[in-house]
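These notes are about the structure you will find just below.
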Amino acid sequence: MQMRQKLLFGSSPAICPHGLWGLLPFYLKHHINPVKRQMLHASCQLILQSRAKRCGFLVNCLIGTIDNSNNEHRTFHRKGEEISYDLYNESICELCAEGNVDEAMWLLSQMEALGFHPSFVSYSSLIAALGSVGRTLEADAIFQEMLCSGRRPRIKVFNSLLRSFLRKGLLRLADKVLMLLEDLAVDRNQETYEILLEYYVNAGRLEDTWLIVAKMRRENYALNSFVYSKIIELYRDNGMWKKALGIVEEIREMGLRLDKRLFNSIIDTFGKYGELEEALEVFEKMCREGIKPDFRTWNSLIRWHCKFGHLDTAIDLLNGMQEQGLYPDPKIFIIIITHLVEQGMWDVVDKILENMQKRGHHKSGAIYTVLVDIYGQHRRFQDAEYCLNALKLEGLQLSPSIFCVLAHAYAQQGLCEQTVKVLQIMEADGMEPNLIMLNMLINAFGNAGRHMEALSIYQHIKETGITPDVITYSTLMKAFMRAKKFDQVPKIYSEMESAGCTPDRKAREMLQSALMIVEQRHC
């Protein structure tokens, strides 16, 4: 057991320049002309140097050679107090709670340079904070250090680490966390099962989802609104929307009140299958029962009305959302402007932006302005680096979700190099691309007709231990369909089934189309 603890995360250093870079040698060699290869190679070297400086900064902190002038702003909130062991731990926990992860890590290095080891609470706070911003390498290094120090992690720590691994699609490492749970005889709790359930549903892993539900029933855990909402989503994503709605009757028979989460799942199920009138009826019922719609409610209604061509209703919903003091998720905003731009309705796009500014949404509205620009009205932000600098000047805090939205916008436009650049800058800032962002990169190359680059990203995903999900396979199938490599589509489909992912409706349709074309060619 001790050997397993030592080996569990031993292969992942706290900070190392890997990730997206693993695919670059193949990409540079085979898929870029010599001039572009030289430019991208130089860009990569700059990014790696930046990360090396960051590593060097932390090493300097560890050996106590950091310039004293840099220490003042780190401890300004404790001015006049002697820095003790308890004060270090208290400050680390405060910084983690505020989201200042870099400063918390700086204090950790300073603390360890003095011969102190963090408390159990400090370790727990650091693991949760690092995991929440996608810095899983550092999170598992802290966890490893916690084990080596002899401190016994509680279930909350395991849950934090499990959630961060699953967000990145690192299913193998997540499985090792679960194995260690058993070795240390730490009991899973409701949150553990809910974390697993959410991942398996989102990844389209049907069998694994039912295994989790069955275990929860056996161990007498409550099937609450969260669990039922995930079951509804599972049916929805597998084309069984009527069966999904049948779950609602089961909920009522149990006397479980429909809450916001369940209403959202039902609305999204109706919307996905084009039952828009029913979705609006459920929305009205939700409001009548005194349950206030949240971002997810409005985003779902706007998304599906856009998809099925009801743009006028979608815009009305957007206005209604803003009247409630809410603003759309930037991903949903992309869907709206994509449909408006396709119809040349730039005047409507301008009006939407103007309304946002009038409602006092100027600062965070910068991201919406940038997204519109990427889609071609002014084309000032066609360069990702310039775009990100402009957002920083507006005072916008760049988070993994913002990077994800920008990568998606560039990918939708087929701007592959800019999509790659967003991921490079994200890594240079200490954030690791997750499966969602790598799926977007596959999509960007696929839209540009560069299926071999899309395939290299897929190979990179597997080599780095990330578990591909149904979106990965579907997006790769679409890339090969665009490239007219129809004979490869069934092979990708088979790999998806072998990996335990349940193919969605889009994947099944692409498979049928590819098989039909291949059969016609052989006739």
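The values are calculated or read from the model by the stated rules, or taken from the named source; none is laboratory data. As the structure is a prediction and not an experimental result, all values here were calculated from the model. Backbone-built Cβ (ideal geometry, glycine too); neighbour counts: all protein chains shown. Note: accessible area is taken over every heavy atom of the protein model, side chains too, but ligands, DNA and RNA are not part of it. Shrake-Rupley method; radii C 1.70, N 1.55, O 1.52, S 1.80 Å.
Descriptive notes on the structure:
- Residue count, the range 68-85 (criterion: surrounded by 15 or more Cβ atoms within 10 Å (Cβ to Cβ), in a loop (DSSP other than H, G, I, E, B) and at pLDDT below 50): 1
- Matching entry among Lys230, Lys260 (being open to solvent by 30 Å² or more (accessible area, probe 1.4 Å) and touching a residue at least 24 places away in the same chain (Cβ under 8 Å)): Lys260
- Of the residues making up the range 323-336, just one is farther than 15 Å from Val349 by Cβ, in contact (Cβ under 8 Å) with a residue 12 or more places away in the chain and either in a helix (DSSP H, G or I) or open to solvent by less than 20 Å² (accessible area, probe 1.4 Å) (or both), namely Lys331.
- Subset tally (residues that are under 18 Å from Glu98 (Cβ atoms) and acidic (Asp, Glu)) for the range 110-139: 1
- Restricting the range 400-420 to residues that are within 16 Å of the chain's Cα centre (by Cα) and under 19 Å from Lys478 (Cβ atoms), the residue that is most open to solvent (accessible area, probe 1.4 Å): His408
- Leading residue by the ranking (most open to solvent (accessible area, probe 1.4 Å)) among those in the range 472-515 that are among the aliphatic types (A, V, I, L, M) and modelled with pLDDT under 90: Ala499
- Qualifying residue in the range 453-462 (condition: at pLDDT below 85 and not basic (Lys, Arg)): no
- Of residues in the range 285-316 being among the basic types (Lys, Arg) and part of a helix (DSSP H, G or I), the one surrounded by the fewest Cβ atoms within 10 Å (Cβ to Cβ): Arg288
- Qualifying residue in the range 347-366 (condition: touching a Phe, Trp or Tyr at 6+ places or on another chain (Cβ under 6 Å), under 28 Å from Glu432 (Cα atoms) and open to solvent by less than 30 Å² (accessible area, probe 1.4 Å)): no
- Long-range neighbours under 6 Å by Cβ, at least six apart or interchain, first residue open to solvent by less than 20 Å² (accessible area, probe 1.4 Å) within the range 369-397, second of a type in the set (S, T, N, Q): Ala384/Gln418
- Matching residues, the range 429-449, being over 25 Å from Leu137 (Cβ atoms) and open to solvent by 10 Å² or more (accessible area, probe 1.4 Å): Asn443, Asn447, Ala448, Gly449
- Qualifying positions in the range 114-143 - assigned to a loop (DSSP other than H, G, I, E, B) and open to solvent by 10 Å² or more (accessible area, probe 1.4 Å): Leu114, Gly115, Phe116, His117, Ser119, Val133, Gly134, Arg135
- Of all residues in the range 383-416, those being in contact with a Leu (Cβ under 7 Å, 6 or more places away or on another chain) and in a loop (DSSP other than H, G, I, E, B) number 1.
- Close Cβ contacts (under 9 Å, 6 or more residues apart or on different chains) running from residues in the range 337-358 that are part of a loop (DSSP other than H, G, I, E, B) to residues that are surrounded by 12 or more Cβ atoms within 10 Å (Cβ to Cβ) and not aliphatic (A, V, I, L, M) comprise Met345/His339.
- Considering residues of the range 178-215 that are touching a Ser or Thr at 6+ places or on another chain (Cβ under 9 Å) and in a loop (DSSP other than H, G, I, E, B) only, the residue nearest to Ser498 (Cα to Cα): Arg205
- Hits in the range 450-471 - residues which are in contact with a helix residue (DSSP H, G or I) (Cβ under 6 Å, 6 or more places away or on another chain) and either farther than 20 Å from Leu435 by Cα or open to solvent by less than 40 Å² (accessible area, probe 1.4 Å) (or both): His451, Glu453, Ala454, Ser456, Ile457, Tyr458, His460, Ile461, Gly465, Ile466, Thr467, Pro468
- Total residues in the range 149-170 satisfying the condition of being in a helix (DSSP H, G or I), open to solvent by 20 Å² or more (accessible area, probe 1.4 Å) and either within 15 Å of Ala203 (Cβ to Cβ) or without any contact (Cβ under 8 Å) to a residue 24 or more places away in the chain (or both): the figure is 2.
- Among the residues making up the range 441-475, those that are on the phi < 0 side of the Ramachandran plot and not in a helix (DSSP H, G or I) are Ala448, Arg450, Thr464, Ile466, Thr467, Pro468, Asp469.
- Pick from the range 86-110, criterion touching a residue at least 24 places away in the same chain (Cβ under 8 Å) and over 30 Å from Gly169 (Cβ atoms), ranking: surrounded by the most Cβ atoms within 10 Å (Cβ to Cβ): Leu107
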